[in-house]
Every structure is written in structure tokens, then in C-alpha cells.
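Have a look at the structure below before the remarks.
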Amino acid sequence: MLGVLVVVAVVAPLVLHDAATGLSGDANSGSTGAHPLGTDGLGRDMLARTLVATRQTLIAATLSTALAAVLGIGLGVATWLAPRRVREVGLRLIEFWVSYPTLLVAIIVAAVLGQGLGPAVVAIGIANAGGFARLTANLVAGLAAREYVVTARLMGVPPGRIAVRHLIPNMAEPQLILVAQAFAGALVELSGLSFIGLGAQSPAFDWGALLNEGASKIYTNPVLIVGPSVALVFASLAALFVGDGLAAAANPRTNTSRSRLVRRADAAAEPLEADVLLAVDHLTVRHDASGRDLVSDVSLRIRRGEILGIVGESGSGKSVTASVVSKLLAEGLTATAARVELSGADLLGRVPGPELARRVAMVYQDPGTALNPALTLGNQLTDVLTSTLGSSRRDARENLVGHFRDVLLTDPEGRMRQYPHQLSGGMKQRAMIASAMSTRAELLVADEPTTALDVTVQREVLGLIKRMNTTAGTSVLFISHDLGVVRALCDRVLVMKDGRIVETIDDVAHMTTEAVRHPYTRQLLAATPVVHTSRPEVEGADR
Amino acid sequence: MSGPMIDVVDLGVSFGSTRVLHDVSLRLETGQTVGVVGESGSGKSTLAKVLVGIVEPDAGEVVVANTDVRRLGRRSRRAAQDYRRRVQMVPQDPFSSLSPRRTIGQTLAEALDPARASVRRHEDRIAAWLERVGLPADAMGRYPHEFSGGQRQRVAIARSLIVEPSVVIADEITSALDVSVQAQILDLIAEIKAGLGLTMVFISHNLAVVQRVSDVVAVMYRGEVVEAGPVEQIYADPRHWYTRQLLDADPGAPGFSLG
């Protein structure tokens, strides 16, 4: 669409200039064969005039958008560079600026500057600059705290250069989107100004001016306004589509397909032993866009009351495997498996939400993002109990408070009323575990639950998971990159590398570099940092 | 150079009414590495920021590389900049410490020459340093997103060492990495340290990691150094209860249990 507009803008004035400005005998005609959109009061062809006006309008809109962007980004960066007090004043001014509708600001500025297309362009540029300034100031505030900006400052890079080198390039995407939107806005505003007589002055004309002429004769010759109106809508849509396209390209989530779970027919599933809680057979997960296999042919069993660990580095497919079990496969991935079965329920088919909630509980890596910051712990953690498992509010609260006590959170009743930000990382993770306990799930999926925690807190959290396992008999699928952690907690360990299981270790207690077979496991073991002490009770220990 | 490279005496820092550091003392000779251990909130990162000169101390003395850090801000800009080049910090997160829109070469050139940042002029030195941290010289023309976390951390290390500083402060540089990558980075640090005779402050919450690279250990708890001494002594015979608790919390440690 934009292409069409540009071509029209370039070609039309060359070809149709005479038709657009030349006078003809039949003034004020309606739609005829010679003049499909009619003629104006001086007998000029409206179709030609509309097409010729394209150039004028587009150039003006482009100029005003460019002006707005340069002015706004410049101001936004300048507020960051300014001393603290000036910055605060600047930010308030920008907020004041954007709090008025752009068209209103444009009209006021244009009224001050006088009539004509030039002043109109400047007016709209100034009116739109506020939006750019605010976006820039917001983005800069976020970017300036990034470590590479701080590092550059410490290196002694002058502030102006930091802005040019690090700040402006890193905010290109949102700015481009805003440019497209501002352009669409500028088209309409420009036409608006011309429409009320502040923009293009006769004999110059743009779409707004044409609309103005047409509107005065709307009862006698309605066809006159068709040309400029359609052109205006067409151009605004083109700009908005470009903006949407840019936004979609900048956001990788928009173009991915939903995740799928497919049963594989070719591999026959063997019967299960009675004590198997979770069975996964021949699981392969493919990334749809690249066709790459993230997980290939993984089979695993978890028995009731067992803790199974999956170890591997980032990108080994361990988290993806876990996401299949909890039916939380990410978008754009396709999983095929011969069997995914959890205590008799087939997870490849449709599983009702409450059913799944009763069977599987999750603890995530980052307790900071797993909890909704706007809700109290009591509210969000009892949600699953009341809405899916059908407990009454009262029971759910009592249940959760009891488990808060189990995970040794101090003042359990008080914690129910607290918000996540009032808790430390370790406490949040304990609250998550308490919530997992409250549903009495058969399987706990723990995806790197201690990676974000200090060693002392890690030990407490691991202890809690172990307790949950021994007292409630919950099976655990524990995912980690740290063999040391896994070794301390798990009954059996699977080692994953590049989406495959390279080794299964059944005897975790006697896992030494000599006992493991695969070189990768050996490498992982050697890399696991272990404190070397020469305390007497350690000597002769098997490490 | 005479005297210790880092000499911190009774350092105190407060943010508003909260005391973050208090009565912290630390002494480090040239070429030594101190490992600073403690949990989050113990003040280790604040100590690092004082040493680099981002946070102003409220009390005590801090002298690094014969420069009094307290008066850094009040003296000429030139002196402050000179100091900041001699004391380098390797940031924690390799994903946010490199600008996504600048090539590795540009990032390193900026460290060498903050104002102009010309890659061409310093090409040889950049290539030499990339190879030194175990990356191919042609990494220069590539962007950070083409590298893994471990490789980016190598770039970050190269950036702080390329200016040939006297002191390097490494703040949790391996905590965002997988264990196998962490081991490679620790080996790299040990190798470079031995080669250049660097003085280093290595901050981590992981005792095992600290043990691998340090000569001296300082254990911090709630803004205080509760125990400090040579590595062998602290690990073999911890005096303070908190140090013992830290040691026992390590999953590989003999005192570890999930009771």
C-alpha cells in the first residue's frame, strides 16, 4: 500500500499536473465519464487533484514526523544527560505536553505561527514530539541502568557518545513503531489543519484542503469528497499496517503457532509396571520454525515416591521435557510421543484442568516472576484450590496456612496478607512449595528451583522438597544443571545433552568419575565445584 | 609500588537509614586474590561498588592502588577517570553487560579508547586479547547475540583486562552460568591471573568457587566481615558459626544433609 502511495506521489504530479490545475468548462459537475469524481467550482478534475495532492500531503506528513522524531528523541536523551534537577523538571514538562491531544496542540501552534503548509508541518511536528520525548525518556531510564551503559561510563566514555553509541541504537524498534503511528496521525492532523483553513493555502492544495472545498458543497455535489476521503483513509491504513508489521516483527511471539502434542503411531508402547507414576516413551520435541529437534527420543519412568533428576547444561532439552509432562509446552513447538502417561491418565489426549492441577504441581526457577506482584500470597495461592479443586475459601486458606507452617515460614497467617515483594527469594520459593503441597499433587515438577538462590537458602529449599517426598510420598521430577545439587537430592539421575539422554545413573550415592560411563557425565562431575576441606571427619570420604 | 594494593580500614556505608557495610577492613598485597563470600544482602556487591568508586563511603578509609577512593569525586575528573581505568570490574550478567547493537570489536575498542572507539586502530591488540580469553580473532566482527553466555563472559573479561588494570573486581561472574561453563571460566581466570600478576577481588556466594581462585577469603554476613584469613585456614578450621553454616550448605560438603 505504501508502495502504491509513493508511486502515485511521484508520478501523478508529472502526468496529471495540467488536468489538476487546468480549468474546464463544466464546473461543479457530478460523476461523469470524463470526470469520475466530478469537478470543483472552477471545473478542475477532482480525481486528478486528489492524486496530485498525494505528493504534497505525503511530503508534509513525512517532514512533520521526522521533525517530531528528531525533536522528541533529542529532548528525551537531553533530559537524561541533564543534571538531576533539570531532568525532573524536563520529565514533568514532557508529561504535561503529552497530556493534551496532539491535534489541539497542533492547532494552537499553527494559530501562533500563521497560515500555510510550512507552519502546519512545524506545528504537527512539535505536537507529536511530546510522544517521542516521553517514549525516549522512558526507554533511556531503563537502558541507562543496563550494565553495558554503566560499564561504558566507568570506562570514561563521554555521556554524549554513550547516548549515540549505546542508547539510541538500542531503542530503535519501539521508535520505528512510533514513527509509523505518528506518520498516520500526522496525515490526519495535517488534513485537519488544512480542513479548518490553517494548512495549505490556495492555489496550493492537499487532501485536507480538497476535503474543505468538497465539504462546503456536500449537499449539492457529494461525490467531491469521495476522492480525498478515500485517499486519506488509504494512506493512514498503509502507515498503520506498516506500524503493525514492525511491531509484529519486533515481537517474536506474534508469529509462532500454538504448541501441539501428537501421538506417535509407529512405536508400540510396552505395558507398565504397577508402581510407575509417570511414563514417557519416545518423546521428540521439534521447533516448528527451524525444524530442529530440541528433544529426541527421550523415554523415562518415575515410580511412586521417587525423585528423578534430569541434569544437563542450558539447551540440553531438560526444561522442554518437563514442560511436556506439565502440559505447558511453549508456543511454536511440536511434541510427538508414543506415550505420556501420568498414573493412568493419558496426557497426550485432552486432560481437564482440575484433573491436571490435582496430579501435577510446579515450582519454577525464578520465584520473583512466578508470583503475581499485584496479589497477596493468600489470594493467588489459594486460587487453584478454590477454582479448580472446589474447596471453600475457608478450607483453602486453612490448608495453605498449614503448609506455610510446614515449610517453616514465620507468621503464616500474616504471610497470607503479604505481597510477593515483601518476601525474600528463599521465602517466595518456600511459599511456592507450600502451594504445591496444598494440592496434594502426585508429581512435583521442579525446574531449577534453587538456581537463583544462595547456597544456604538452597539447602533449605532442597530439604523441603525432600520432606514433601518422604512425608506425602510425592514423586519429584527435579531439573538442574548442577550435579552436586542433584546428587544430594535424587534417587535416580538422567544426564541429558543435545536433547538426548546420554546416561542413566541408578546408584546416585556412588556416583564418581570412575563409575560413570559417558564422557559428558564425567566432564559434568569434574566441573561441579566441591569445597575441599581438610577437616578430620572428611578424610577418607569418597569424593 | 609500595604498600598493599588494596587497603580498606573500618569502612562504613549507609543507604538512608540502613547500614549496608560497617567496620569492614580488608588488606590485599599486589598479586593476591581475595574471595569475598556471603549471601545476598550481605554487602559484598556494595563493597565492590565502593572499590570501583560508584558508591561513596560514609566512614573509614579506602585506598586502592595508592589512590584514596574517598576523595575521588572531589578531585579532578581526570584523576577519577584515571583511577577507574586502573580498577576494572567484570559485571555479573553476561547478557546485559554487552551492548546488543555493537560488535565485540567495537565494545573492546571502546574500552581501549573511550572517545573514538576505533576498531581499526587497535585491531592487533583486540585480536590478541580475544585469543587470550579463548575466542577466535574473527569474533571481533560479530554481535553478542551470536555467542553463548560463557563466551560473552569471556568477552566481558577481555574488556576489563585489555586496559591493563592493576586491580580487577569480579562480582558473581559465574553465577549466571552452567557448572561446566563456570569451570572453564574459573580456569581462564586462574590462568590469566598467574600470567599477569593481577590483584583481584572475587565475589561469590559459592564457597567452592571462591576456593578455586583465591589466596585469601573474607566471609561477609549482614554488612560485616565475620571471618577472614588464608584459604587453607578458613576452609579447614572455620571459627565463625556462619562460615560453618556456609560450608555445610555446599551440596558436596561432608556436613551436608537434607534433614
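The values are calculated or read from the model by the stated rules, or taken from the named source; none is laboratory data. Just so you know, these numbers come straight off a predicted model, no measurement behind them. As a convention, Cβ positions derive from the backbone with ideal geometry for all residues, glycine included, and neighbour counts pool all protein chains shown.
Details
- Of note, A:GLU355 satisfies the criterion of being in a helix (DSSP H, G or I) and either more than 19 Å from A:ALA446 (Cβ to Cβ) or in contact (Cβ under 8 Å) with a residue 40 or more places away in the chain (or both).
- Extreme residue, farthest from the chain's Cα centre (by Cα), among residues of region B:84-108 that are of a type outside the set (S, T, N, Q) and more than 11 Å from chain A (Cβ to nearest Cβ): B:GLY105
- Residues in region A:371-387 that are part of a helix (DSSP H, G or I) and modelled with pLDDT of 80 or more: A:LEU377, A:GLY378, A:ASN379, A:GLN380, A:LEU381, A:THR382, A:ASP383, A:LEU385, A:THR386.
- Within this structure, B:VAL226 passes the test of being away from every other protein chain (no Cβ under 13 Å), without any contact (Cβ under 8 Å) to a residue 24 or more places away in the chain and touching a helix residue (DSSP H, G or I) at 6+ places or on another chain (Cβ under 6 Å).
- Within region A:209-243, being closer than 23 Å to A:ILE124 by Cα, more than 36 Å from the chain's Cα centre (by Cα) and touching a residue at least 24 places away in the same chain (Cβ under 8 Å) holds for A:ALA209, A:LEU210, A:GLU213, A:PRO228.
- Checking each residue of region A:454-477 against the condition of being of a type in the set (Asp, Glu), in a loop (DSSP other than H, G, I, E, B), within 22 Å of A:GLY315 (Cα to Cα) and modelled with pLDDT under 85 gives no match.
- Those residues of region A:356-370 which are charged (D, E, K, R) and at pLDDT 80 or above, in sequence order: A:ARG358, A:ARG359
- Identity of the residue in region B:154-189, more than 25 Å from B:GLY43 (Cα to Cα) and of a type in the set (Gly, Ala, Ser), that ends up farthest from the other protein chains (Cβ to nearest Cβ): B:ALA158
- Qualifying residue in region B:238-252 (condition: outside any loop (DSSP other than H, G, I, E, B), within 20 Å of the chain's Cα centre (by Cα), more than 20 Å from A:ALA452 (Cα to Cα) and at the interface with chain A (Cβ under 10 Å from one of its Cβ atoms)): no
- Boolean, B:THR67 is hydroxyl-bearing (Ser, Thr, Tyr), surrounded by 19 or more Cβ atoms within 10 Å (Cβ to Cβ) and more than 28 Å from B:VAL181 (Cβ to Cβ): yes
- Neighbours by Cβ (under 6 Å, 6+ apart or cross-chain): first from region A:358-369, farther than 13 Å from A:VAL325 by Cα; second basic (Lys, Arg): A:PRO367/A:LYS428
- Taking region A:280-310 as the range and being in a loop (DSSP other than H, G, I, E, B), free of Cβ contacts under 8 Å to residues at least 12 places away in the same chain and not polar (S, T, N, Q) as the test, only A:GLY291 passes.
- When region A:478-511 is filtered for residues that are in a loop (DSSP other than H, G, I, E, B), in contact with a Leu (Cβ under 8 Å, 6 or more places away or on another chain) and within 13 Å of another protein chain (Cβ to nearest Cβ), the ones remaining, listed by number, are A:CYS490, A:ASP491, A:MET511.
- Selection within region A:463-474 - within 14 Å of chain B (Cβ to nearest Cβ) and touching a strand residue (DSSP E or B) at 6+ places or on another chain (Cβ under 9 Å): A:ILE465, A:LYS466, A:MET468, A:ASN469
- Region B:218-227, residues that are among the small types (Gly, Ala, Ser) and either part of a strand (DSSP E or B) or under 17 Å from the mean Cα position of the chain (by Cα) (or both): B:ALA218
- Of the residues making up region A:324-348, those that are in a loop (DSSP other than H, G, I, E, B), over 24 Å from the mean Cα position of the chain (by Cα) and touching a residue at least 12 places away in the same chain (Cβ under 8 Å) number 4.
- Of all residues assigned to region A:160-182, at least one qualifies as being small (Gly, Ala, Ser), buried (at least 21 other Cβ atoms within 10 Å of the Cβ) and more than 30 Å from B:ARG78 (Cβ to Cβ).
- Scanning region A:389-401 for residues that are among the β-branched types (Val, Ile, Thr), assigned to a helix (DSSP H, G or I), surrounded by 16 or more Cβ atoms within 10 Å (Cβ to Cβ) and modelled with pLDDT of 85 or more turns up at least one hit.
- Being within 10 Å of chain A (Cβ to nearest Cβ), in contact with a strand residue (DSSP E or B) (Cβ under 6 Å, 6 or more places away or on another chain) and within 22 Å of B:LYS49 (Cα to Cα) is a property that B:LEU207 has.
Conditions tested, residue by residue: (1) surrounded by fewer than 16 Cβ atoms within 10 Å (Cβ to Cβ); (2) over 24 Å from A:ARG301 (Cβ atoms).
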| residue | (1), (2) |
| --- | --- |
| A:VAL320 | no, no |
| A:VAL324 | no, no |
| A:LYS327 | no, no |
| A:THR336 | no, no |
| A:VAL340 | no, no |
| A:ARG359 | no, no |
| A:ASN372 | yes, yes |
| A:LEU385 | no, yes |
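- Leading residue by the ranking (surrounded by the fewest Cβ atoms within 10 Å (Cβ to Cβ)) among those in region A:427-453 that are in a loop (DSSP other than H, G, I, E, B), more than 14 Å from every other protein chain (Cβ to nearest Cβ) and of a type outside the set (A, V, I, L, M): A:ARG440
- Once region A:145-175 is narrowed to residues that are aliphatic (A, V, I, L, M) and more than 21 Å from B:ILE157 (Cα to Cα), the residue that is farthest from the other protein chains (Cβ to nearest Cβ) is A:ALA163.
- Listed by position, the strands (runs of 3 or more DSSP E) inside region B:1-83 whose residues that are in contact with a strand residue (DSSP E or B) (Cβ under 8 Å, 6 or more places away or on another chain), within 13 Å of chain A (Cβ to nearest Cβ) and modelled with pLDDT of 85 or more number at least 2 are B:33-37.
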